[in-house]
1. Kindly provide the set of residues from the range 1-60 that are under 30 Å from Ile89 (Cβ atoms), in a helix (DSSP H, G or I) and of a type in the set (A, V, I, L, M), ordered by number.
2. Any residue at all in the range 95-111 that's farther than 19 Å from Gly18 by Cα, out of contact with any Lys or Arg (no Cβ under 6 Å at 6 or more places or on another chain), assigned to a helix (DSSP H, G or I) and small (Gly, Ala, Ser)?
3. When the residues of the range 106-129 are filtered to those that are in contact (Cβ under 8 Å) with a residue 24 or more places away in the chain, among the aliphatic types (A, V, I, L, M) and in contact with a Leu (Cβ under 9 Å, 6 or more places away or on another chain), which remaining residue is farthest from Cys11 (Cα to Cα)?
4. Please enumerate the residues belonging to the range 36-59 that are surrounded by 12 or more Cβ atoms within 10 Å (Cβ to Cβ) and either charged (D, E, K, R) or within 30 Å of Cys11 (Cα to Cα) (or both).
5. When the range 17-35 is examined, which residues are found to be loosely packed, with under 15 Cβ neighbours inside 10 Å and within 17 Å of Ser113 (Cβ to Cβ)?
6. Of all residues in the range 1-45 being over 22 Å from Gly73 (Cα atoms) and of a type in the set (A, V, I, L, M), which is farthest from the chain's Cα centre (by Cα)?
7. So which residues in the range 85-116 are exposed (fewer than 12 other Cβ atoms within 10 Å of the Cβ), within 13 Å of Lys4 (Cα to Cα) and of a type outside the set (Val, Ile, Thr)?
8. When you look at Ser49, is it under 15 Å from Leu6 (Cα atoms), modelled with pLDDT of 95 or more and touching a Phe, Trp or Tyr at 6+ places or on another chain (Cβ under 9 Å), yes or no?
Amino acid sequence: MLTKYLYIAGCIPFLVLGILHTVYTIADTYNPKKLIPYKSGVMGLMKESTLAITKETNMWRAWVGFNISHGIGILFFSATYLYLSTAYISVLESSLFFMSAAPIISLTYLVLSKKYWFSIPTIGSAIGLLCFVAGALAQVYA
């Protein structure tokens, strides 16, 4: 039972971060304010520059697409584990794959956020990771 609640708790930071990231990015397509370069001229340069791999899009559109897909990926991760934790806890607890994937994915987000992002996703990833590790340990030692 402890595993269930720790895994649910581990989902919450990722769910919140995924929702905010997706909503902020979509809002930025209409009224850029959040996930945009601090220097206003950079966004203009991003809109003027294509990618080396293709001329079919520009850096700004790619940036927006990457951010939306990133937010959706975090939402999918957290929603999947929230669903497993609430509706199929026996499947989660009996699967080495599912029990270990959540801490591994959380650790990956923590490393990425520490190296490339900023403190809010780092804190959220750390909280999620700690909850998932505690949940896995609670299951192992139950």
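The values are calculated or read from the model by the stated rules, or taken from the named source; none is laboratory data. Everything numeric here is computed off the predicted structure, so don't read it as measured data. Cβ placement follows ideal geometry from the backbone for every residue including glycine, while neighbour counts extend to all protein chains displayed.
1. Result: Leu2, Leu6, Ile8, Ala9, Ile12, Leu15, Val16, Leu17, Ile19, Leu20, Val23.
2. Step one: of the range 95-111, the residues farther than 19 Å from Gly18 by Cα are 95-100.
Then keep just the ones that are out of contact with any Lys or Arg (no Cβ under 6 Å at 6 or more places or on another chain); that gives 95-100.
When the remaining residues are screened for being assigned to a helix (DSSP H, G or I), the result is 96-100.
Now drop any that are not small (Gly, Ala, Ser), which leaves 100.
Yes: the range 95-111 contains one or more residues that are farther than 19 Å from Gly18 by Cα, out of contact with any Lys or Arg (no Cβ under 6 Å at 6 or more places or on another chain), assigned to a helix (DSSP H, G or I) and small (Gly, Ala, Ser).
3. Ile120
4. First, pick out the residues of the range 36-59 that are surrounded by 12 or more Cβ atoms within 10 Å (Cβ to Cβ): 36-37, 42-47, 49-51, 57-59.
Answer for the range 36-59, where residues must be surrounded by 12 or more Cβ atoms within 10 Å (Cβ to Cβ) and either charged (D, E, K, R) or within 30 Å of Cys11 (Cα to Cα) (or both): Ile36, Pro37, Lys47.
5. Residues satisfying the conditions are Ile19, Lys34.
6. Leu45
7. Within the range 85-116, Ala87, Ser90, Ser94 qualify.
8. Numbers: under 15 Å from Leu6 (Cα atoms): no; modelled with pLDDT of 95 or more: yes; touching a Phe, Trp or Tyr at 6+ places or on another chain (Cβ under 9 Å): yes.
Spelling it out, it is not the case that Ser49 is under 15 Å from Leu6 (Cα atoms), modelled with pLDDT of 95 or more and touching a Phe, Trp or Tyr at 6+ places or on another chain (Cβ under 9 Å).
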